[in-house]
Amino acid sequence: MSTDPQTTPGFGFSDSTENENEFVVSASTSTIDAPQESKKKRSKYKEPARIDMRETNGIDWVTTGWFSLLHVGALAAPFFFSWQGVGLFVLLWWITGGLGICLGFHRLLTHQSFQTYKPVKWFLAWVGGLAGEGPVITWVSVHRKHHKHSDHHADPHSPIHGGWWSHIIWMTPNVGKPYWNEVRDKYGKDLSKDKVIRFIDSTFMLWHVVTAVGLTAVGYWMGGWYMALSYLTWGFFLRMVWVMHVTWLVNSASHIWGYRNYETTDQSRNNWWVGLLSFGEGWHNNHHAFERVARHGHKWWEVDVTYMTIKAMKAVGLAWKVVDKPSDPPLDETSTAA
């Protein structure tokens, strides 16, 4: 399969070529003062982007088993429907997905688009872990690597190898602990220096056990075993599966379908429906053009709920040094490894 970034396969793994110039919008139409093209350089890293299954120890059964367990549990949710369960699903979707992943893992910890108090940072790292997508240091390190080599060599999850690869399959090969340690050491050294972040990272699975038991206990207290299972299936299993797939759609769909405001060296796209589902993360071409900018929606109709949250935090003194202009210096592993 061609690895030319001009050719982007869809979820069916069939190639379809598009003229990127058809999607380019002059930066003068954007609501931020930005050049037409970002200044990112094409990656020259020679490591293959896709992990060759023949060079691994087969399947990572821990990760695959974790995802499988969550999906099986989610299938039981319709059998234990309750409006309380649905309300819990929506609330925890926003807390773990909107605040934890989008605001905490992504814009704060990965790109340092704003600064906040340490307790707020720790809280966001903790609730982000409750989304079930992986320990905080690993998540941030992998995402920084993705931006460093987006849709080129060494990108961990590029759809140039297929939509399903970028969506979920890239996490299933057993590449071994040394591989992940190397990624964490190179791209996450700044987070590893924080003792609280290290604790949250190392107790990733413990908090899921506590959450599952807690939801079950509260549900039982509210209405017996039916409500216990309703709280568990809707607030834990289905909610985590939903948040996971919404995040993964940013990696896959937003590199396959959509329009482009800026010419970048990757296949990032602005995808309106991913943007709505992911609290503004779907305006992905804007983000890849100017990674540190806190605002991902660059046009008035590109709704960015996460940026609204940052502005609200700034208004009450919980956020400062918000990166609002693309002129701010880029963040790379040299600045995060110090």
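The values are calculated or read from the model by the stated rules, or taken from the named source; none is laboratory data. All values derive from a computational prediction rather than experimental measurement. With ideal geometry, Cβ positions are generated from the backbone for all residues, glycine too; neighbour counts draw on all protein chains shown.
Of all residues in the stretch 123-137 being outside any loop (DSSP other than H, G, I, E, B) and of a type in the set (A, V, I, L, M, F, W, C), which is surrounded by the fewest Cβ atoms within 10 Å (Cβ to Cβ)?
This residue is 123.
Which condition breaks for residue 92 when tested against (1) of a type outside the set (Phe, Trp, Tyr); (2) closer than 25 Å to residue 286 by Cβ; (3) over 14 Å from the mean Cα position of the chain (by Cα)?
(2)
Show the residue pairs meeting these rules: Cβ distance below 6 Å; 6+ apart or different chains; first residue within the stretch 253-280 and at negative phi and surrounded by fewer than 24 Cβ atoms within 10 Å (Cβ to Cβ); second residue acidic (Asp, Glu) and not in a loop (DSSP other than H, G, I, E, B).
263/37
Tell me, which helices (runs of 4 or more DSSP H) wholly within the stretch 155-226 include 3 or more residues that are in contact (Cβ under 8 Å) with a residue 24 or more places away in the chain and over 21 Å from the mean Cα position of the chain (by Cα)?
Where helices (runs of 4 or more DSSP H) fall fully within the stretch 155-226, none carries at least 3 residues being in contact (Cβ under 8 Å) with a residue 24 or more places away in the chain and over 21 Å from the mean Cα position of the chain (by Cα).
Tell me, please, whether a residue that is more than 23 Å from residue 243 (Cβ to Cβ), modelled with pLDDT of 95 or more and touching a helix residue (DSSP H, G or I) at 6+ places or on another chain (Cβ under 9 Å) can be found in the stretch 175-185.
yes
Within the stretch 54-73, track down each residue that is at pLDDT 95 or above, of a type in the set (S, T, N, Q) and exposed (fewer than 14 other Cβ atoms within 10 Å of the Cβ).
Once the filter is applied, which keeps residues that are at pLDDT 95 or above, of a type in the set (S, T, N, Q) and exposed (fewer than 14 other Cβ atoms within 10 Å of the Cβ), the stretch 54-73 yields only 68.
What about residue 140, is it without any contact (Cβ under 8 Å) to a residue 60 or more places away in the chain and surrounded by 24 or more Cβ atoms within 10 Å (Cβ to Cβ)?
Spelling it out, residue 140 is indeed without any contact (Cβ under 8 Å) to a residue 60 or more places away in the chain and surrounded by 24 or more Cβ atoms within 10 Å (Cβ to Cβ).
Please specify each residue of the stretch 141-173 satisfying the condition of being over 25 Å from residue 71 (Cβ atoms) and β-branched (Val, Ile, Thr).
Once the filter is applied, which keeps residues that are over 25 Å from residue 71 (Cβ atoms) and β-branched (Val, Ile, Thr), the stretch 141-173 yields only 160.
Residues of the stretch 235-244 being of a type outside the set (Val, Ile, Thr) and either more than 10 Å from the chain's Cα centre (by Cα) or farther than 19 Å from residue 92 by Cβ (or both), which ones?
235, 236, 237, 238, 239, 240, 242
With respect to residue 120, determine if the residue is touching a helix residue (DSSP H, G or I) at 6+ places or on another chain (Cβ under 6 Å), part of a helix (DSSP H, G or I) and either touching a residue at least 60 places away in the same chain (Cβ under 8 Å) or of a type in the set (A, V, I, L, M, F, W, C) (or both).
no
Filter the stretch 217-252 for residues that are surrounded by fewer than 20 Cβ atoms within 10 Å (Cβ to Cβ) and β-branched (Val, Ile, Thr); which is nearest to residue 141 (Cα to Cα)?
241
For the stretch 251-261, does any single residue satisfy the condition of being out of contact with any His (no Cβ under 6 Å at 6 or more places or on another chain), under 15 Å from residue 103 (Cβ atoms), part of a helix (DSSP H, G or I) and aliphatic (A, V, I, L, M)?
For the stretch 251-261, residues out of contact with any His (no Cβ under 6 Å at 6 or more places or on another chain), under 15 Å from residue 103 (Cβ atoms), part of a helix (DSSP H, G or I) and aliphatic (A, V, I, L, M): absent.
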